Structure formats: C-alpha cells, structure tokens
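This report refers to the structure that appears directly beneath it.
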Amino acid sequence: MKKLLLFAALVLMPLAASAQMKFGNVNTSQIIEAMPETTQAQKELEDLQSKYESELSKMGDEYQKKVSDFLAVQDSLAESIARARAEEIDQLQQRIQNFREMAAKDMQTQQQQKIAPIIEKVNKAIQAVGEENGFTYIFNLDGGAQVVYFSPAQCTDVNPLVKAKLGLK
C-alpha cells in the first residue's frame, strides 16, 4: 500500500508542479513608447536629423549656385578653366554624398546608443515583475514573437505591472 502511494505521489508531482506555473505576456514596444526616456531620445534624434538636413540643404544650395554660375558662363570660359570648375562641382557633389552617408551612419549609431539603456531598463523591470509576482514565463508579444496562441484566461498581461514598476501610467 505504501509503495502504491509513493508511486502515485511520484507520478502526480510533475503534474501538480506544472499546474502551478504562471504565465504572463508583455508588449515591450508599447512600454518603450510610453517611457519619457523614449520621448526625450526621439526629440534628440529629431534635433540631430534637423541639423544634418540643414547642413545638407546649405551644401545643396552651394552646389546649385556653382552649377548655375558655371552654366551661365561655360561658353565664355577657356577650356582649362571650364574643366577646373567642372571638377570643383564634381568634388562638391562627392562631398555632399560623403556627408549624406556619414550622417546616416551617425543617426543609426545615435539611435542605437539612445535606445539601448531604455531597452535594458525595460528588461530589468520585466525580470523584477516576473520574480516579484511568481511568473514562470513572460512572453513578449511584440511583432517578432514566436507565440502563435495564448489564452487570456490562462495568461496574465503584465504590461500594467511593468509600467507601474517603471513609474508609467
């Protein structure tokens, strides 16, 4: 009889343990968008983008002026002078292209540098919520999630808890 009870306990223990699992889901994009740090980072990136666009506009205006001036007097210039001015215009065009590429790379780097601490903060908050509330798993239901089905009745949306942990409304 004792052997039968022991056997039943060993068989039923894993089932009881799995019944105690607690699952949660979160959407990190929604949380990141709600954070004031994200708003500040976006403003800083927009300001930087505006500065780059302003500089590109100045360079473009300079290019257009040089081209217009050259075309207006091209026929009256000596061949060597015309070649020198055409080469100057080509060099300016190359500088504009190089600046555009550098600006794009810098914008990407700045975006990554500004978002990384925000993501880290959200991840720490999710971990804290998981530990404090006894979750076994928390699934990120953000765009690339591999979860294809979840039951809202059996899974808790922890967005409000993570937002509260971060002091967000």
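Each reported figure results from applying straightforward, stated rules to the coordinates on display, with no laboratory input. Note that the structure is a prediction, hence the values are computed from the model and not measured. Methodologically, a virtual Cβ is constructed for each residue, glycine included, from the backbone with ideal geometry; neighbour enumeration extends over all protein chains shown.
Counting only lysines at least 8 places from Lys66 when in the same chain, those with an alpha carbon closer than 21 Å to its own are Lys58. Under 5 Å between amide hydrogens, built in the peptide plane, is the criterion, and for Gly24 it picks out Tyr137, Ile138, Phe139, Thr156 among residues at least 5 positions away or on other chains.
Computed packing ranks the peptides 21-30, 65-74 as 21-30, 65-74, most packed first, by mean other Cβ atoms within 10 Å.
Amide H to amide H distances under 5 Å link Asn133 with no residue, where only residues 5 or more positions off or on other chains count and H is placed in the peptide plane. Could you name the lysines in cross-link range of Lys121, using Cα to Cα under 18 Å and dropping any fewer than eight places away on the same chain? Within the straight-line limit of under 18 Å, Lys121 reaches these lysines: Lys163, Lys165, Lys169. For the peptides 135-143, 159-167, the ranking by mean Cβ contacts within 10 Å, running from highest to lowest, is 159-167, 135-143.
Per the Debye formula on identical point scatterers at the alpha carbon atoms of region 50-162, with no solvent, log10 I(q)/I(0) at q = 0.12, 0.18, 0.19, 0.22 Å⁻¹ is -0.66, -0.97, -1.02, -1.17. Work from the charge dipole of region 47-169 (Cβ charges, +1 for Lys and Arg, -1 for Asp and Glu, about the Cα centre) and give the residue of Leu77, Phe99, Ile115 farthest towards its positive end. Farthest towards the positive end: Ile115.
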